Structure formats: structure tokens, C-alpha cells
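Below is one structure, written out as C-alpha cells, with a few remarks after it.
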Amino acid sequence: MQSKKQTVKYILKAFGACLLVFFLANTLMFVYNRQPGWIERSHGATTSIWSPGSYIVQGQEGYGIHKVDSNGYLNEGTLADDNYVLVVGSSQTEGKEVKAGERYCDILNSALQKEEGKETSDLLVYNVSMDANYLPKMISGFTALISEFPNSSCIVLEIGTTDYTGDELQRMLIQREYNEAETGEKIRQALSEKEQLKLLIKEIFPLLNHVKSQYKALKAVNQHSDFVQEETDGKDMELYAKQLKEVFEMLDILYDGQIIFLYHPTMEITDEGLTAAYEQTTEQFKQLCDGCGFLFVDMTQTFLKAYETDYIVPYGFGNTTLGTGHLNKYGHKMIAESLYQVMTKNN
């Protein structure tokens, strides 16, 4: 009998210890890696947004703390009434990995504010970006984007490649319509109690979300460990140009303002120095931009020159591998300077 009581006591102590460790680890996650709830939608500028009013803490790669605005994007301040710049992209543009103020949209915003004498709360550059929001998704949501944010004068589309398949280019022509019932605040209010509870659990238990993310990442690596990238040397460039031209002509009809494609290719540090991935589609992409009056900002030479002169690498952090991953503060700064130069030159 005594032995049974001791066993129960031991189990309770072990459970209590595990619970204590869990809560301590969960508390640490608030300052290390905290992601808010993720809300899916089908009629907005992006197909998903972060839970409005929450915070993101990113410490796995670089370090940044960012507030989610009422629209579900990472912005601090009030969007100007008109003549603003929309910056649309993937996690590279979201910039969770660097501090607020160090992202290229933040630096560009400060420069334009200073030039126009605006109050610091007036956002002249607005970040509309989401994880995995690559060009096919961006273009498909273009109609929704300019409907949700109708008073912009310039749209920057961030891309890491110019090589898209025929199916991807065709999907870009199918436009997603905007529904104002799916704005950040309205969609949050319309969530069921069960959905709101799920969001709350993600926000107050970041450790669970972190473990889930790590499991998904490990699973993805195991599933694609033998993946070999398709060779693109034999690409039908004539068909590519024809399909891309259709996409660009559609954008030209839909939007009266300036469209800028921001291109930053994959980089790698080798024995010869920093090298950039080459894509045979890039020159064709640029020529079609010129033909439609779009601007093409290519960061390749800027990044390479920075490494040659000052050994500055645009990607990677002290807690990851330099030359890989997301843009660091140097990459963001170089992009902001390049965009500002192009924008002021063409005004």
C-alpha cells in the first residue's frame, strides 16, 4: 500500500515538474519565437493575414519584434489617405527577421516622409506581405489589392526569381475579387468561438506552435530530401514571353500608377566569393517590363559589389548561415536605397 502511494506521489511530482518546465519554456518563447494566429481568406489582397492587433517575435533567424495592424499586416502607423506606395511580397518583404525600422519598407517610408515633410505616423509605404506570397499569388490578388487599398500611386512587387511555368503564368490571369467583409477586423469579428479559441491558444502558448512548426519543417525536409530542381535551359522562351506579356498587359490596364518589380536573386558564398543564381528568363522579364513602362530594380550587382568592396552579405544572420535565408539589415538597407533612387528619379 505504501509503495503504491509512493508511486502515485512520484508520478504527481514528475507531472508537476513537466508542467513547470512547459510553462517556463512557454514563457521564454514570448521573447524568442512567438507567432500569432493565421487567418485564411479568399477575397483579399493576400489569401491569409495575421490576427489583427497581435505581435510577432522572431528569434530563430535574426531577431525582430513586430506589431500586426488592423488589416493583418506588419505595419506601425496610419496609412496616408492617398499617394502611398504599396510594397507586396513574401516573408522577405515582411522582414520579421530584422528589427522594426530596419526593413526596407520602413527605411523607404522614413526617407519619403522626410522628403515630403509628413508626420511620423503617416505611412507613405505600406507593407502588404505574407509568408510564401510569391508572384503567382501576388498577381492573382492584384485586383483585390488595388480594391482593398485604392489610393496608391506606386506598387512594388518583390520577386526572388523571374522563372515561372506556363501554368503559373496562366493562373496569374485569373483575378481574385475583393470582398470588404474579409478585411482584417471584420473577418476577426466574424470568426466562430471555436476559431477564436484556436487563435487564442496559438497566442498564449507559443511553445505549442513552435513545436508544430518544427515538426512540419522536419517532415518537409524528409519528404523532399531527394528533390532535384528542374532544368530550365530548354525553356520555350517564345512561349514564356508571350504569356508574361499577357500578364503585364493586364496589369497595365488594371493600374494607372507606377509598377516596380524588385528582383533579388539567390546568393551563395563560394571559394570565388559571393555568387548570384543565373536565370535565362531575367533579361526577357526586364525587356517586357520596359515595354509596358514598368520599372525593374535588379539588386544582383548591388549585392555583389557590396561583398567585393566591404564583404557585406545581404542574406543570413549571426544565428544562421551567412549568404542564405532571409534578408538581413544590410540587404534591406541596400534595397531601400535602390528603390528610393529609382522612385525619386522617376517622379
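What follows is calculated from the coordinates using simple rules that are stated; it is not laboratory data. Remember, predicted model here, so these are calculated numbers, not experimental data. Please note: Cβ atoms are built from the backbone with ideal geometry, for glycine as well, and neighbour counts cover all protein chains shown.
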* **Inter-part distance where the range 44-73 and the range 108-177 are each reduced to a Cα centre, Å** => 16
* Give the long-range amide H neighbours of VAL125: residues separated by 5 or more places, or on another chain, with amide H under 5 Å away, using H modelled in the peptide plane at 1.01 Å from N. => VAL85
* Calculate the length of the line joining the C-alpha centroid of the range 287-307 to that of the range 249-266, in whole Å. => 12
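Hey, got a sec? Which GluC sites (Glu not before Pro) in the range 80-145 land in a DSSP loop and have at most 12 other Cβ atoms within 10 Å?
Working: sites: GLU94, GLU97, GLU102, GLU115, GLU116, GLU119; in loops: GLU97, GLU102, GLU119.
Answer by residue number: GLU119.
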* Work out how much length GLN301 to LEU191 would gain on full extension: take 0.36 nm times their residue separation and subtract the Cα-Cα distance, in nm to one decimal. => 34.9 nm
* Would you mind checking the pairs LYS114/LYS202; LYS137/LYS329; LYS186/LYS245; LYS13/LYS67; LYS242/LYS305; LYS9/LYS194 and listing those with alpha carbons more than 32 angstrom apart? => LYS114/LYS202; LYS186/LYS245; LYS13/LYS67; LYS242/LYS305; LYS9/LYS194
* Estimated FRET transfer efficiency when R0 is 41 angstrom, pair THR78-THR321 (beta carbons, to 0.05) -> 0.60
* To do: In nm, give the distance between the simple-model label positions of ASP122 and MET237, each being 7 Å from the Cα along the Cα-to-Cβ direction.
  => 4.6
* Pop the C-beta distance of GLN170 and ASN346 into the FRET formula with R0 = 30 Å and round what comes out to the nearest 0.05. => 0.45
* Asked: FRET efficiency for MET250 and TYR278, Cβ-Cβ distance as r, R0 = 22 Å, nearest 0.05?
  -> 0.20
* **Potential lengthening between GLN60 and SER3 on full extension [0.36 nm per residue; Cα-Cα distance subtracted]** => 16.0 nm
* Tell me the chymotrypsin sites (Phe, Trp or Tyr not before Pro) within the range 303-347 that lie in a loop according to DSSP and have at most 15 other beta-carbon atoms within 10 Å. => TYR311
